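Taken together, the values in this text are just the output of simple stated rules run on the coordinates, not laboratory data. Note that the coordinates shown come from a computational prediction; the quantities given were computed from them, not determined experimentally. Positions of Cβ are backbone-derived with ideal geometry, glycine not excepted, and every protein chain shown enters the neighbour counts.
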Amino acid sequence: MKKLEQLYEGKAKKVFATDEDGVVIVDYKDDATAFNGEKKGTIMGKGVVNNKMSNYVFGLLEKDGVPTHFIKELSDRETAVKKVSIVPLEVIVRNVAAGSFSKRMGVPEGKELLCPILEFSYKNDELGDPFINDDYALALGLATQDEIDTIKKYTRKVNECLKKYFLSAGMKLIDFKIEFGRLPDGTIILADEISPDTCRLWDVKTNEKLDKDRFRRDLGNVEEAYNEVFRRLGLKD
Ligand code: UDP
């Protein structure tokens with residue numbers, strides 16, 4: 001497969017065309033941003049961790065019946081994936097109160113929720129990814145009812161699978177964000193990434209934060225946290 005011109009550069013990844021129909025290459029960067037791009041920095045080695053971790057997790061999810069965009073890992077930072085058009089929804093699942101939920105609802109970080117919460121944000125940087133519900137998504141034509149039903153079904157499966165997977169590596173899955181895409185025939189598949197950039201992971205015993213909150217909140221040992229997750233998941237060579 002040949003890597004052709006760059007199609008897009010996002011905050012954490014670049015996307016390249018290829019000589020194969022319907023296939024693009026994702027190239028993970030070490031760049032880190034937070035608070036809608038206001039805070040910028042570099043997390044050395046993050047691109048490698050996020051690439052390999054996402055690919056491994058997508059493999060597990062495929063086995064569990066969740067279709068994903070993953071095709072083949074090409075190098076430490078590059079992966080061939082199915083080209084999709086991204087559904088403009090950030091799909092967030094919360095198992096434990098944290099982040100914007102704690103602020104909005106006045107619930108202390110770390111409080112276990114009685115059941116998982118699935119919520120949507122409208123993926124729009126200019127508007128700061130506003131919180132929306134199903135009716136907003138339908139009324140604005142962001143997704144159809146069928147697509148929303150499929151996205152919710154897959155998302156609940158992702159949560160159950162990931163909770164177990166991370167727990168077996170000594171980490172609690174507090175919350176996470178995933179994105180879905182549409183194939184040319186309209187099929188919904190899981191896309192984007194699943195990594196310490198997009199999941200909150202706390203050590204099961206000490207509640208130490210092993211995710212991007214270390215960068216967002218200037219907690220230090222940012223690289224170490226990404227490497228620790230990588231090591232615990234058995235992905236380090
Ligand atoms: N998240 C993300 N990208 C975003 C917003 C949130 O990956 O643009 C992830 C975040 O890492 C966390 C979960 O979604 O695991 C819930 O984030 P929250 O809504 O609490 O927002 P935050 O506190 O990160 O602003």
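Values computed for the structure shown
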| read-out | value |
| --- | --- |
| Region 87-223, relative contact order in percent, only Cα pairs under 8 angstrom and at least six apart counted | 21 percent |
| Two-site FRET efficiency, residue 115 against residue 185, from Cβ-Cβ distance with R₀ of 45 Å, rounded to 0.05 | 0.85 |
| Across 29/209; 29/205; 39/172; 123/212; 163/209; 11/157, pairs whose alpha-carbon gap is larger than 24 Å | 29/205; 39/172; 11/157 |
| Highest-first arrangement of 7-13, 135-141, where packing means the average Cβ count within 10 Å | 7-13, 135-141 |
| Euclidean distance between Cα centres, region 165-217 to region 105-137, Å | 15 Å |
| The chain, helix-only ellipticity at 222 nm - DSSP H runs n ≥ 4, -39,500 (n - 2.57), divided by all residues, nearest 500 | -9000 deg cm²/dmol |
| Relative contact order (percent, whole number), the chain, Cα cutoff 8 Å, 6+ residue spacing | 17 percent |
| Residues whose placed amide H lies under 5 Å from that of residue 7, excluding near-sequence neighbours | 15, 16, 17 |
| Protection proxy ranking, peptides 121-133, 215-227, average beta carbon neighbours within 10 Å, highest first | 215-227, 121-133 |
| Mean Cβ count within 10 Å, highest first, over the residues of peptides 107-113, 206-212 | 206-212, 107-113 |
| Gained length - residue 168 relative to residue 64, 0.36 nm times residue gap less alpha-carbon distance | 35.8 nm |
| Local net charge near residue 230, Cβ-Cβ under 9 Å (Lys/Arg +1, Asp/Glu -1) | +3 |
| Whole-angstrom gap from region 69-98 to region 1-51, using each part's C-alpha centre | 11 Å |
| Distant-in-sequence amide H partners of residue 132 (H built 1.01 Å from N, under 5 Å) | 120, 121, 122 |
| Normalised contact order of region 53-145, rounded percent, pairs of Cα under 8 Å and 6 or more residues apart | 19 percent |
| Rounded if a/c under 1.5, otherwise prolate or oblate - region 80-171, Cα gyration tensor axes | oblate |
| Fully extended contour minus Cα-Cα distance, from residue 235 to residue 39, at 0.36 nm per residue | 67.7 nm |
| Prolate/oblate/rounded call for the chain, Cα gyration tensor, a/c under 1.5 rounded | rounded |
| Segment residue 127-residue 5, length gained on full extension (0.36 nm per residue, minus Cα span) | 41.0 nm |
| FRET efficiency for residue 218 and residue 104, using Cβ-Cβ distance with R0 set to 22 Å, rounded to 0.05 | 0.50 |
